[in-house]
Every structure is written in structure tokens, then in C-alpha cells.
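Student: The structure's right below; bear with me while I get my questions together.
The values are calculated or read from the model by the stated rules, or taken from the named source; none is laboratory data. Not measured: the values here are computed from a predicted model. A quick note on method: Cβ atoms are made from the backbone with ideal geometry, for glycine too, and the neighbour counts reach across all protein chains shown. Note: accessible area is taken over every heavy atom of the protein model, side chains too, but ligands, DNA and RNA are not part of it. Shrake-Rupley method; radii C 1.70, N 1.55, O 1.52, S 1.80 Å.
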Amino acid sequence: MTQAVSNTGDSPWSLHGVAVTPDINGALFCHDARALIVADLHFEKGSAYAQRGQLLPPYDTGATLKRLSDAIARYQPKTVIALGDSFHDLRADGRMAESDADTLVSLVRSVSDWVWIVGNHDPVPPPRFGGRVLPDIQLGRLTLRHEPTEGPVPGEIAGHLHPCAKVRGKGRSVRARCFATDGTRMVMPAFGAFTGGLNVCDPAFSPIFAARPDAWIIGAQDIYAVKGRRLVPQA
Amino acid sequence: MTKSTALPSRFERWFASKGWQARDHQLEMLAAARAGEDALLIAPTGGGKTLGGFLPSLVDLADMISNSSATRPYALHTLYLSPLKALSVDVARNLTLPADEMELGVRIETRTGDTPASKKKRQRERPPDILLTTPEQLALFVASPNAERYFCDLKRIIIDEIHALAPQKRGDLLSLGLATLNQWAPQACRAGLSATVADEGGLARWLVPQTNSKAARFARIIHGRPGPRPEIEILDSAERIPWAGHSGRHAFGEVYERIKASKMVLVFVNTRAQAEFTFQELWRMNEDGLAIALHHGSLAPEQRRKVEAAMAAGNIKAVVCTSTLDLGIDWGDVDLVIQMGAPKGSARLIQRLGRSNHRLDEPSKALLAPTNRFEHLECQAASEAVAQNKLDGEPLTTGCLDVLAQHVMGRACGEAIAADALYDEIGHAAPYSDMSRMEFDRVFDLAATGGYALASYDRFRRMIKGKDGLWRARDARTAQRHRMNVGTIVESEMVHVRLGGKRMGRRLGQIEAWFIEQLTPGDTFLFAGQVLRFEAMSESDAIVSRTSDDTPKIPSYQGGKFPLSTYLAARVREITHDRSEWPKLPAQVREWLELQGQASRLPQANELLVETFPRAARYYLVCYPFEGRLAHQTLGMLLTRRLERMRMRPMGFVANEYALAVWGLQDLSGVDMNALFDEDMLGDDLDSWLAESPLMKRTFKTCAIIAGLIERRFPGHEKTARQVTFSTDLIYDVLRRHDADHVLLQAARNDAATGLMDVRRLGQALARIKGHIVTEHLTRISPLALPVMLEIGKEAVYGEGHESILADASDALISEAMKQ
């Protein structure tokens, strides 16, 4: 199954009856609303570790911005929604390189509507980057918030959990980021360059999906829809 | 006996009381020490090497102590370093014995990772005369304050098992630590103790501080008396020898008979999985109830100690073991060494043979038991090499950059250092003697700020330059974190195996996390000599239960991790095509080669034979480089990429020690082999493969950990590596894209040359066969191809296969959907 970018909403993927397209970068495009959704950007995660003594490469923010910019160019959305944990911590802004900050400002300006969704423990994005800040937003039949709600919530798209899925075959296993969904609600993969992941079989997902969710797994060249029962836990 | 080799009378009396005589090499070591010369002692095991190393120290100390008062001061006289924790403990026993019997009053102590903190503190305050310790402890000293004072009176440094240490990263770190000691105690004399090796000169140089001039410095080389040539027999099995696989099952009956007929036997195997399997099979046929034990590195330490003690007491008939038993420990009365499978190198075989018969006057007896037909050729080549005393071994390479970064940080944690002085200091370490100042500065920067082109990390630097121009660790906490992460051993993540049930049972040992990850509850596998059932994971323990099952469900890969050495590979190539060598081989092996000569052709020593043939709707290309499995795997990766670009649609490949088989949907007989095997595959093709290769990512991760960029242990998070919330793979990707010249990427590429990817060996092979490719287009599979073809299905590899695994899993979705 390959990417199909069209404005007619003629996509083989759907969520709660709404036509969507998962992007290999980890973004989700909603055709009707012309909205591009990204979750858990975690800007300045690398420098957060550097501050604590582990000198990870300072390129993660730049890499994340590049991929974000590519996705925006590809889908030409009317609205971009950043689904929480956009900045790794409160002081992230202070550590961001000027060039990256400028890039982010232009990116926000390049789109008609930019929405920063913030969760309860989320650092609020600094005003200088523009956009509007909301705790959640409605997109037709879809509700977008940062942390997924317990119990069945049809139409909810959330982030925060950084889902990964693991599949076995040919005597070995593959583990990759994924969109976790049961067809009516979804948890987005983390978009940020250095973000790790949590296996969808982990108990943290149990309050959200009644049974093990399916996974739209992000491979190197394509996105693969795999049924929940074929997924395996992290040992 | 000259004055320089004269023993003090107390020592003479002691030797006499034992009925011994001091050996020539021991007296020569004494002479060298008295002359202030560094010396490298090369001797087979059991040749009195340990005493040869310590004798000069004991003599010197005896003299010093007899001339001093009862309350003489505490000062470190001799530092003894060895790679194995247990070895130090064992040597202490062997050393303490003569010291006590001669009533010398020498203070001897050990210091390892297991030494309690209180004892370590006391050792710092009141140093012993002789300290027995490990390279990691030395690195910790270097990274601690006030260490210079501790070592300033040092007279001697002894490095044991130097042949095992020097070629590894561990040796690089040790060499740098020695360079620091040379700064603090320039008067200290060095002694290296080594098994027999090919590159004696290389070790003699490694041991000794180098200078700024181009002239290399060497230690005096002293040879212990070689024992009589070992008697090596190759098992000519009456059973049918398998074509492929490494189980050795066909030979176990004969192996058992040999055990019965001997006093004590060591059965060496190449992997833990093989050890478990062999142990289980021998017990199956153990009607005589012989005491057969198991020993490998993943067993719980208490279990290993039990076996070792029983061996020393002579209560064991046979031990099935891996290389954990390889290093110099002196084991009682072994009268036969059996090597299952090929020894992979003549030097390795000789070192293992050293295990048998510690009375040096009688020849060691060894039996090689090849596990498949090709291994017969390997064993033949190895036994001939030993008979001719032809040792193999890779030459020592330049020092690793990640190790240097760790050492630089360590120096700054210990005391304030100047960059110029440090550059000068590391130049005294042989592996780093040719390093340019520019490269040193890059590594220095890596340690201080991560070494990024982007200068944004200046405020996070781990090392700070003071007003005095000297560098120190940023703060005490940073220094503490460095010390917690010292060392070069980055193990694959291990999981404890624990018996479960109503009450938590004991731990049986450790097993690799990736192995447990393959299992689902209910799967059975072989470990610690029993078939266990995997029940569940509990934190970092794999909970298992005992079963009465005979056979485990999950097999383990049994081939070794070391490839056939280049020297042996060349010999095997010769044996293969030279009919005059064949009479030495068993009839089954001769017949195989004969058939190959008839059906296709025998590969000549200086050419590459490539065969193509169709089979069951697939087309095969099989080539015979004889360069070892690792280099062949790399070649397979690169060839399939090329074939893909040529639109030949390759589907997979499989490799063994001497051959590589590639298959696809298109007839490969028309391919231009000269173009396919061109050396230029080591350029862009290699680069782009390294970008995605999990092996390369693993190599990078190891470098990042050793260099201190990523911590494997930080305070409060000692539990499991899984709690780290970033992935080094992501870091590798980002670094490749944004900072391709980063020094850590350079370090990883250097490792790739000789490590799991064996790129250098592949490069040499491709250069050698250029213009010498010979092709045979066959209509069916050839005899020589049979063993590698039998590997297909056991371990299918294509690219890394990830995409196809995902595709398969999702296709199941489609077919499920279609059924509705």
C-alpha cells in the first residue's frame, strides 16, 4: 500500500470514517480538513541530555524541522496541528539555535493556521514562534488532544505514548514506529528525531484500546498495516 | 651462572626444597630486570611463566625487606595486570605460596571490581608491595585524584596474557594507562608474559614506551623452552561425516570412548550453544556414569567455581568448555584436549593445547574432531601449521579513537592536564605513537564537547580549561559519572535466567537478550545443561522452569564467531586443489573433492571460482573466496545490491567459511563477473550499505559508549539498558546526515574494517582475485556448493530483510481480509 496524496479524499486509510493518509515521516494528513497532524516533536531533546552530561548530537531539532518542512511541502495543508510535547522541556527555547528558531518561525508563518496542542505537563510553546495554543481541538468527527483518554473515545487522535510495534518473520524480528489504531481512535507515533518508543503491547496501552490495536508500521520505504494479533511484545 | 642471574641463597634453597631448578628463562628475566631492561617472555603454558614474571620482584623485595626495619613504610613496588579477574586471584595463590614458604614478609594483595569499597580504601592508604589487578582498575586509578603519588615509587609492571590483551580495545586502553604510569614512574621496568604468537616483534614494541623519534623501541624477547611438539590426531570417523552444520553429533560416540580411556579431558567447543548441546549428548550416552562437567561464560559464577575446584581436585573426567577456559589457568592433570569443530587459527589451537599436560617434558595430546567435511580441510591445515610451528594472527593495528577519548576524559578527571603534555604522553603508547596532533585534537574535542561541527555545546563541555591553562573535569559529578563507565567491554544486553515457580529459584546464568526476545512462553531451549521452559519475563530476569523434555524446541546457531584465519584459509585453498595432499584426508572427504573435480572444477589458490546453476525455479551463483564467514556476509550484502542495480532481481544469499551462495529469479550466468566482483564495490556501495546495516549501527553504539558520549550506567539507573529513552540508531542516522566527518563515525568505520564486517579482509581478497575469475556454468548443483546450499533456510539473509518481514505481516492482513 503506497502513499496516495489527493484532495478528493480517495485514500485507502481511514479513521472513524474519516479519510486520512499516514506519512512515512510520522505525520497524519486529514483530507477533508486539509490538516496535517504531528505529535511529540520534542525539540531540543538532544541538548537536554547534553545539559545533563551526555553529549548527544545537537542536530535533532534541525532534523525534525527538515522533516516537518518536507511534510508540509508535500501535503500543502491549511492547518498544522502539533499534538503536544512539542518542546522537550521548559528551557528548550533557551537552548535552541538561532537558525532553527528562525526556521520554525517561518514554518509557522507559511501555513494559514498553526495549532499547538498542550497537555497537562507540557511546556507551553513560547509566543515568539506564533500559532495558537489550545488544550484540544475538534476536526469534524475527530477530537485531537495530547494525552489519550482512558476508556473508549471514538474519533480521538492523541500522542504522548510514542507507539512502536514489533513483528516477527524469517527467523528475526523488526521493530519500528507505528500509528496505533483500532479503526475508531488512534495514538500517533512520535515525530521527533531522537524519540524512542514504547511497544503497543505494553500495559500503558491497555486503558486505551480494549484489545491489542492494529499498527500502521513505518518501514523504510512504505507504511504497512499489521493486525494486532500479529504484533509481539518487547521481551 | 653469572652474577646477573645469580639467585639469592634463600631462593636457591627454596627451589631445591621443591626438587626444582630455576629455568633459564626465569634467570634471564632476573638479569633483564637487574639491568633495568623491559622484557617480553614468550613461553607455552606450564612453562613457569608466572614465576618468571615475579621472580625479579620477589628477589628485589626480599633484599629490601631484609635491610629495613619491622615498621617499614607502605609503598607499591610491583603492579601486576591480567585480563581475567579470576586469574589475579589464582596467581595470588601461586605467588603467595612461595613468598610465604620463603618467609619473605612481602605484602601481596588483589584489587578487582569485586573488591569491597572498604578494602579498596585501605589499599589506597596503605599500598601493598605487589598489587594484582585488572586493566579496568588501572583506568580507574588514572581517573582518580592523587594517583600519581600512589605510583611514584613503582619499580615493576608485569602484564600477563599480553597476547590476548594487546590486539583488542582493552589493550589500547591499557597501553594508554601504561603511558600515564610512565609519566608518573619513569623508573618502572616492564615485563610482559605471553603465549607463543606470530608477531613477537609487534608485542615487544607494544610493551615498551615509544619516543618522539621515528625509531621504534622494543623489549628484550626471552623465550621459554618450547615443549615437545604436540601430538595432534584428526578423528577419522567411521560414521558418515555431515556435509554441513556444526553439531558434531556423528563424532560423539568416538569422543565418549576417548574420554573413557583418558584421565582427564578438556572438550573445547567454539560456542556456548555447542557446549550445551555436546554436554547433553555426552550425558545421553554416559552409561558408565563418568563425571562430565560443563563450563562456559554464561553460567552463574558459583557453578563455574564448582567445576574449577573439582578439576583442581582431580574429581572430573571431562569438561565441555568454551574459550572461558582458554586463558592461562593451570588445570591439574589434563592428559587429552579434544577440539570439536575447527580451531579457526593455529595460534588459538596451540594455546588450547597448552591446556594439556603441565609436565612440560611430555607432549600434549590433542584430538581434532571436524564436524563437517569442509572442517576436515581446516583441521588438516591447522594440524600441519602446528607441526611446522607456523603461527597465525592479525598484526596489531593503530589505536582506536573511542578508547583514546575515554582515556583523555579519564586524565582530566584524575588531575589537571595540559593538552600539549597529554599529546606528548599518549605518543609513548605504541598504538598511538603515530597519531597526528590534528587527529588528537579531534579526539580531545570529542571528549570535551562531543566534537560536533556545530559549536553549540560549548556551555555543556565535560572538560574545562582553567586560568592556569590546564584541563579538568567540569565538576565532581561529571568525574564520578566517568568513573562509573570506565572500560571497553560493551556486552550485548544480557538477561538473567532464573528458575521460577511458587518461590523464586536460583539464577542459572545469563543469556543474550536477543535470544530471549525470540521466545514465546512455552518455548523450550537448552541452557546450563538442561532443557528449560520459558515462562515469562520479570524485570530483567527470564523466568524458566525445568522440563523432562529431551529436545529443545528452539535451536541455537552453533557456528563460531571467529572466522577461519587468513593463514589457514590460504592453506586450505592449497589442499583443496593439490591432489598430492589428498591421501591424508579421509575417504569421504577425498571422494567429495574428486566429484567436484569431475562435475565442475577445483578452485585454484590464486583465482576465484564462480559457478552458476539453476535449481527448482531459482538461479544460483556460488563463489568460493575462502575468506571466512564474516567477509563473505559483507560480500553477499554488496553483491546483492549490485545485482539489484543490474536488475537481476536477487532474493537472498547465504555464506559459510569458504563459500557464498546468491540466488534470484533471473539467470545469473550472463552476468559480467569481472564487473560484479570489482573492488569499487567497497566505495559507494559499501558506504550506502553501512548507512543502514544493523551491524554497523551496533559497532557505532559500542564506539559511542566507549568514547563516553553515551553512558551505559548512570547513578540511580543501574537496572537495565531498556530504560534509556533514546536510540543510538537514531543518533547514528542523524549524525550521518548532518556531520558525516564526525570522529565517532570514523572510529566506527575503522572498527568495521576488522570487526564483524571484516571489510579489510574482503578488500584484500578482491584485489587478489582481480582478473582471475573463473566461471563454470553448470546445469546442476556442484559438490563443492552442497554445504553452503544446505545453509539456506536455516538463516536466510537479504539486505536486512526488514521491509519484507513487514510486508509479509501485512499481506497476511490482506489475505485475511480477502477471506471475508
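Student: Based on what the data block shows, is A:A19 among the hydrophobic types (A, V, I, L, M, F, W, C), free of Cβ contacts under 8 Å to residues at least 24 places away in the same chain and either surrounded by fewer than 17 Cβ atoms within 10 Å (Cβ to Cβ) or over 30 Å from B:T478 (Cβ atoms) (or both)?
Tutor: It is true that A:A19 is among the hydrophobic types (A, V, I, L, M, F, W, C), free of Cβ contacts under 8 Å to residues at least 24 places away in the same chain and either surrounded by fewer than 17 Cβ atoms within 10 Å (Cβ to Cβ) or over 30 Å from B:T478 (Cβ atoms) (or both).
Student: Given the criteria more than 30 Å from A:P57 (Cβ to Cβ), within 17 Å of the chain's Cα centre (by Cα) and open to solvent by 30 Å² or more (accessible area, probe 1.4 Å), does A:R132 qualify?
Tutor: No.
Student: Quick check on this structure: which one of B:D129, B:D38 is modelled with pLDDT of 95 or more, touching a strand residue (DSSP E or B) at 6+ places or on another chain (Cβ under 9 Å) and farther than 30 Å from B:A412 by Cβ?
Tutor: Every option except B:D129 fails the conditions.
Student: Go through the range B:588-628 residue by residue and tally those that are part of a helix (DSSP H, G or I), open to solvent by 10 Å² or more (accessible area, probe 1.4 Å) and either modelled with pLDDT of 90 or more or in contact with a Gly (Cβ under 7 Å, 6 or more places away or on another chain) (or both).
Tutor: Within the range B:588-628, residues that are part of a helix (DSSP H, G or I), open to solvent by 10 Å² or more (accessible area, probe 1.4 Å) and either modelled with pLDDT of 90 or more or in contact with a Gly (Cβ under 7 Å, 6 or more places away or on another chain) (or both) number 7.
Student: Could you list, in sequence order, the residues of the range A:211-231 that are touching a Cys at 6+ places or on another chain (Cβ under 7 Å) and surrounded by fewer than 23 Cβ atoms within 10 Å (Cβ to Cβ)?
Tutor: Correct list: A:R212, A:I218.
Student: Select from the range A:27-53 the residues that are of a type in the set (G, A, S) and either crowded, with 24+ Cβ neighbours inside 10 Å or more than 14 Å from chain B (Cβ to nearest Cβ) (or both) and list them in ascending order.
Tutor: A:A27, A:A33, A:A35, A:A39, A:G46, A:S47, A:A50
Student: So which residues in the range B:142-157 are among the polar types (S, T, N, Q) and either under 31 Å from the mean Cα position of the chain (by Cα) or within 27 Å of B:A39 (Cβ to Cβ) (or both), if there are any at all?
Tutor: B:S144 - this is the single residue of the range B:142-157 that is among the polar types (S, T, N, Q) and either under 31 Å from the mean Cα position of the chain (by Cα) or within 27 Å of B:A39 (Cβ to Cβ) (or both).
Student: Shifting gears a bit: Do any residues in the range B:452-463 that are within 16 Å of B:D739 (Cβ to Cβ) have Cβ atoms under 7 Å from those of residues that are among the aliphatic types (A, V, I, L, M) and surrounded by fewer than 22 Cβ atoms within 10 Å (Cβ to Cβ), where the two are at least six apart or on different chains, and which pairs are they?
Tutor: Sorted first by the residue in the range B:452-463, then by its partner, the pairs are B:S456/A:A97.
Student: Evaluate the following for B:L104: is it at pLDDT 95 or above and not polar (S, T, N, Q)?
Tutor: no
Student: In addition: Of these, B:T211, B:T196, which one is in a loop (DSSP other than H, G, I, E, B), among the β-branched types (V, I, T) and farther than 14 Å from B:L40 by Cβ?
Tutor: Answer to the selection: B:T211.
Student: In the list A:P77, A:P135, A:P126, which residue meets the criterion of being more than 14 Å from chain B (Cβ to nearest Cβ) and more than 27 Å from A:F179 (Cα to Cα)?
Tutor: The conditions single out A:P126.
Student: Filtering the range A:54-86 down to residues that are free of Cβ contacts under 8 Å to residues at least 24 places away in the same chain and closer than 20 Å to B:F700 by Cβ, which residue is surrounded by the most Cβ atoms within 10 Å (Cβ to Cβ)?
Tutor: A:P57
Student: Take the range A:81-118 and flag every residue that is touching a Leu at 6+ places or on another chain (Cβ under 7 Å) and farther than 26 Å from B:L454 by Cβ.
Tutor: Hits for the range A:81-118 are A:I81, A:L83, A:V115, A:I117.
Student: Please name all residue pairs, on different chains or six or more residues apart, with Cβ atoms under 8 Å, provided the first residue is in the range B:521-545 and is under 23 Å from B:C321 (Cβ atoms) and open to solvent by 10 Å² or more (accessible area, probe 1.4 Å) and the second residue is at pLDDT below 80 and of a type in the set (S, T, Y).
Tutor: B:L526/B:S556
Student: Quick one: in the range B:676-692, of everything that is within 23 Å of B:V622 (Cβ to Cβ) and part of a helix (DSSP H, G or I), which residue is most open to solvent (accessible area, probe 1.4 Å)?
Tutor: B:D680
Student: Separate question: Among the strands (runs of 3 or more DSSP E) confined wholly to the range B:234-344, which include 2 or more residues that are over 16 Å from B:A369 (Cβ atoms)?
Tutor: So the answer is B:292-295.
Student: Let me ask something else. State whether one or more residues within the range B:637-660 are within 19 Å of B:E378 (Cα to Cα) and in contact with a His (Cβ under 6 Å, 6 or more places away or on another chain).
Tutor: Yes, because at least one residue in the range B:637-660 is within 19 Å of B:E378 (Cα to Cα) and in contact with a His (Cβ under 6 Å, 6 or more places away or on another chain).
Student: Are any residues in the range A:206-235 out of contact with any strand residue (DSSP E or B) (no Cβ under 7 Å at 6 or more places or on another chain) and either within 11 Å of chain B (Cβ to nearest Cβ) or part of a helix (DSSP H, G or I) (or both), and if so, which ones?
Tutor: A:A220, A:Q221, A:D222, A:R229
Student: Another question, then. So, of the residues in the range B:456-476 that are in a loop (DSSP other than H, G, I, E, B) and at the interface with chain A (Cβ under 10 Å from one of its Cβ atoms), which turns out to be least open to solvent (accessible area, probe 1.4 Å)?
Tutor: Out of the qualifying residues, it is B:R462.
Student: Also, quick follow-up: What's the number of the only condition in (1) in contact with a Lys or Arg (Cβ under 6 Å, 6 or more places away or on another chain); (2) part of a loop (DSSP other than H, G, I, E, B) that B:G36 fails to meet?
Tutor: (1)
Student: Could you run through the range B:411-439 and say how many residues are exposed (fewer than 15 other Cβ atoms within 10 Å of the Cβ) and of a type in the set (K, R)?
Tutor: Residues meeting the conditions: 1.
Student: In the range B:387-405, is there at least one residue being open to solvent by 20 Å² or more (accessible area, probe 1.4 Å), at pLDDT below 90 and assigned to a helix (DSSP H, G or I)?
Tutor: yes
Student: Quick check on B:T488: is it surrounded by 17 or more Cβ atoms within 10 Å (Cβ to Cβ), modelled with pLDDT of 75 or more, polar (S, T, N, Q) and assigned to a loop (DSSP other than H, G, I, E, B)?
Tutor: When the stated conditions are applied, B:T488 passes them.
Student: Looking only at residues in the range B:440-455 that are open to solvent by 40 Å² or more (accessible area, probe 1.4 Å) and outside any loop (DSSP other than H, G, I, E, B), which one is farthest from the other protein chains (Cβ to nearest Cβ)?
Tutor: Filtering the range B:440-455 for residues that are open to solvent by 40 Å² or more (accessible area, probe 1.4 Å) and outside any loop (DSSP other than H, G, I, E, B), the one farthest from the other protein chains (Cβ to nearest Cβ) comes out as B:D441.
Student: OK, next. Of everything in the range B:737-775, what is part of a loop (DSSP other than H, G, I, E, B) and more than 14 Å from chain A (Cβ to nearest Cβ)? Give them in sequence order.
Tutor: B:G755, B:L756, B:M757, B:D758, B:K770, B:G771, B:H772
Student: In addition: Could you list all residues from the range A:141-176 that are in a strand (DSSP E or B), open to solvent by 40 Å² or more (accessible area, probe 1.4 Å) and more than 14 Å from every other protein chain (Cβ to nearest Cβ)?
Tutor: Correct list: A:R145 only.
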